[in-house]
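Here the structure is laid out as structure tokens; the discussion comes afterwards.
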Amino acid sequence: MAYRKILAALTAALMLAGCGSKTAETASSGETSETASAQTETASAEPEKLPETDEEWHRAMIDKSLTSFGNVSKMQEKLKAAQNGEKLNISYLGGSITEGMTVAPSRPELCWANLTYEHIRDTFGTGENVTYNNAGIAGTPSKLGIVRLDRDVLSTDPDICFVEFAVNDGGENDFRMAYESIIRTLIEHDVAVVLVFAVTEEGHSCQEYMQAQGEYYGLPMISYRDALQFMFDNGKMTWQDFSDDQSHPNEAGHALVAEMINNYFDKVMEQTPEGYTYPTEPLTELRNYGTVMYDNTNISPENMGSWYEGSETAHFTDGWTRPYDAEDNEPIVFKFRGKFVYMLYHEVATKTRGKVHIKITADGELYDETDFDPVAPNGWGNCQVTLIALNPVMTDYEIEISMAEGSENLPFNILGWGVTEE
């Protein structure tokens, strides 16, 4: 590995080491006598009275889902504008839960995104002034969400955007940074952001750090994790009432999530608005902030080599493909200027795709030369993203990609690039 890559890696490591420190400091400083007093009062308080009728249980579940109204000023501004006939574009950014898997293939109108859009349209719209953009794509974590944010959401000039990544993300810093990058980017584009917290049957959810970020930025938050857990704990529902697999709402589940979100919109105009101060300092290092997506619609390789334009992965058809029957193994060559470079690729679980050899120079010096394997146990033909180059300053990169030794007769799909340009 070249000296400059070692230096860049060390710099990035130091950046990552600082991630989440503000949250940790806040948690530590919060252990005051006031906290102890509050705990004493809670302990002495009478147990919460549980609902009695089915209708009361259902109402309690819906109430449990409303984690926070957040600062309502921006949302009220957007909704009042819609009531006055101005345009209101509602976007949804997330994974397969947002896309509507289990209902979308045959009945897309039944997914929670469309159901909430229709409720907002009918409640606050004046006709055709409220529009809908579902940018949910199966398999998307926030690390891919920030790459395609401009292409799939900002390009539609959104006024409201729902963000749902709680089950596709992990707890590592790269997810936290990407998630906060999405939040900050949307706010800076004058978008009213709503966070939605999902959960899997096994209980996986990244709600804790996502909720901490939501509180920091004063955002509305709806948690169907909390609502479902309340019902599960009291024996009033099972996971199978909500989902037919391990993670996706069924038709009834989508309707339930929509009801939780609509509950927020039914009440938000009644809340007292307050002045809003945008936090100047982020909670994380925002490594992904300012990432721009490139594909064959907005960039051309320096050399096509043995590759051709086009790819067949759903929602990512403007990439580059190295076919089975290529006569030689000439590299495809790209040039970028930025800090970090992410490669989007077609991930599979079986060896139907081959390894590629990646050679990278940075400002004319060798940065890295390595083989990359698109095969992973959880791959299913989805778009995946990997970081292949990182420097703390703007850098001129040249990237050559050819098939690795032993994979000359196998294909590979580059679905796009993400380049951090700020």
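The values are calculated or read from the model by the stated rules, or taken from the named source; none is laboratory data. From a predicted model like this one, the values you see are computed outputs, not experimental measurements. Glycine gets a Cβ as well: all are built from the backbone with ideal geometry, and neighbour counts include every protein chain shown.
Residues in the stretch 250-284 that are hydroxyl-bearing (Ser, Thr, Tyr), crowded, with 19+ Cβ neighbours inside 10 Å and within 16 Å of Ser68 (Cα to Cα): Tyr264 alone.
Within the bounds of the stretch 255-270, is there any residue that is without any contact (Cβ under 8 Å) to a residue 12 or more places away in the chain and within 24 Å of the chain's Cα centre (by Cα)?
If we filter the stretch 255-270 for residues that are without any contact (Cβ under 8 Å) to a residue 12 or more places away in the chain, which is where we start, we get 270.
Among the residues that remain, those that are also within 24 Å of the chain's Cα centre (by Cα) are: none.
Checking the stretch 255-270: not a single residue is without any contact (Cβ under 8 Å) to a residue 12 or more places away in the chain and within 24 Å of the chain's Cα centre (by Cα).
Just to be sure before I move on: is Ala376 among the hydrophobic types (A, V, I, L, M, F, W, C) and crowded, with 16+ Cβ neighbours inside 10 Å in the structure I sent? Taking the combined requirement at face value, the residue does not satisfy it.
Yes or no: Thr102 at pLDDT below 95, of a type in the set (S, T, N, Q) and touching a helix residue (DSSP H, G or I) at 6+ places or on another chain (Cβ under 8 Å)?
Working: at pLDDT below 95: yes; of a type in the set (S, T, N, Q): yes; touching a helix residue (DSSP H, G or I) at 6+ places or on another chain (Cβ under 8 Å): yes.
So Thr102 fits the description; yes.
Can you say whether Ala8 is among the small types (Gly, Ala, Ser), out of contact with any helix residue (DSSP H, G or I) (no Cβ under 6 Å at 6 or more places or on another chain), at pLDDT below 80 and closer than 30 Å to Ile120 by Cβ, as far as the supplied structure shows? Against the criterion (among the small types (Gly, Ala, Ser), out of contact with any helix residue (DSSP H, G or I) (no Cβ under 6 Å at 6 or more places or on another chain), at pLDDT below 80 and closer than 30 Å to Ile120 by Cβ), Ala8 does not qualify. For the stretch 343-356, the set of residues classified as surrounded by fewer than 18 Cβ atoms within 10 Å (Cβ to Cβ) and either outside the structural domain of Gly310 (by TED's automatic domain parsing) or within 21 Å of Tyr294 (Cβ to Cβ) (or both) is empty. Exactly one residue among Ala82, Ala113, Ala60, Ala135 is touching a Leu at 6+ places or on another chain (Cβ under 6 Å) and assigned to a helix (DSSP H, G or I), and that residue is Ala82. Given the conditions (1) touching a Cys at 6+ places or on another chain (Cβ under 8 Å); (2) hydroxyl-bearing (Ser, Thr, Tyr); (3) in a helix (DSSP H, G or I), and given that Tyr92 satisfies all but one, which numbered condition is not satisfied? Tyr92 satisfies all of (1) touching a Cys at 6+ places or on another chain (Cβ under 8 Å); (2) hydroxyl-bearing (Ser, Thr, Tyr); (3) in a helix (DSSP H, G or I) except (3). Going by the structure shown, is Thr280 out of contact with any Ser or Thr (no Cβ under 8 Å at 6 or more places or on another chain), modelled with pLDDT of 95 or more, part of a loop (DSSP other than H, G, I, E, B) and among the β-branched types (Val, Ile, Thr)? Spelling it out, it is not the case that Thr280 is out of contact with any Ser or Thr (no Cβ under 8 Å at 6 or more places or on another chain), modelled with pLDDT of 95 or more, part of a loop (DSSP other than H, G, I, E, B) and among the β-branched types (Val, Ile, Thr). Restricting the stretch 147-164 to residues that are among the aliphatic types (A, V, I, L, M) and surrounded by 21 or more Cβ atoms within 10 Å (Cβ to Cβ), the residue that is nearest to Ile183 (Cα to Cα) is Val163. Total residues in the stretch 315-362 satisfying the condition of being more than 19 Å from Val419 (Cβ to Cβ), under 27 Å from the mean Cα position of the chain (by Cα) and part of a strand (DSSP E or B): the figure is 4. The single residue among Ala252, Ala227, Ala212 that is aliphatic (A, V, I, L, M) and under 29 Å from Asp190 (Cα atoms) turns out to be Ala212. Note on the stretch 240-249: among residues that are surrounded by 17 or more Cβ atoms within 10 Å (Cβ to Cβ) and not hydroxyl-bearing (Ser, Thr, Tyr), the one that is farthest from the chain's Cα centre (by Cα) is Phe242.
State yes or no: is Lys80 outside the structural domain of Thr123 (by TED's automatic domain parsing), at pLDDT 50 or above and either surrounded by fewer than 17 Cβ atoms within 10 Å (Cβ to Cβ) or on the phi > 0 side of the Ramachandran plot (or both)?
Considered against the rule, which asks whether it is outside the structural domain of Thr123 (by TED's automatic domain parsing), at pLDDT 50 or above and either surrounded by fewer than 17 Cβ atoms within 10 Å (Cβ to Cβ) or on the phi > 0 side of the Ramachandran plot (or both), Lys80 comes out as no.
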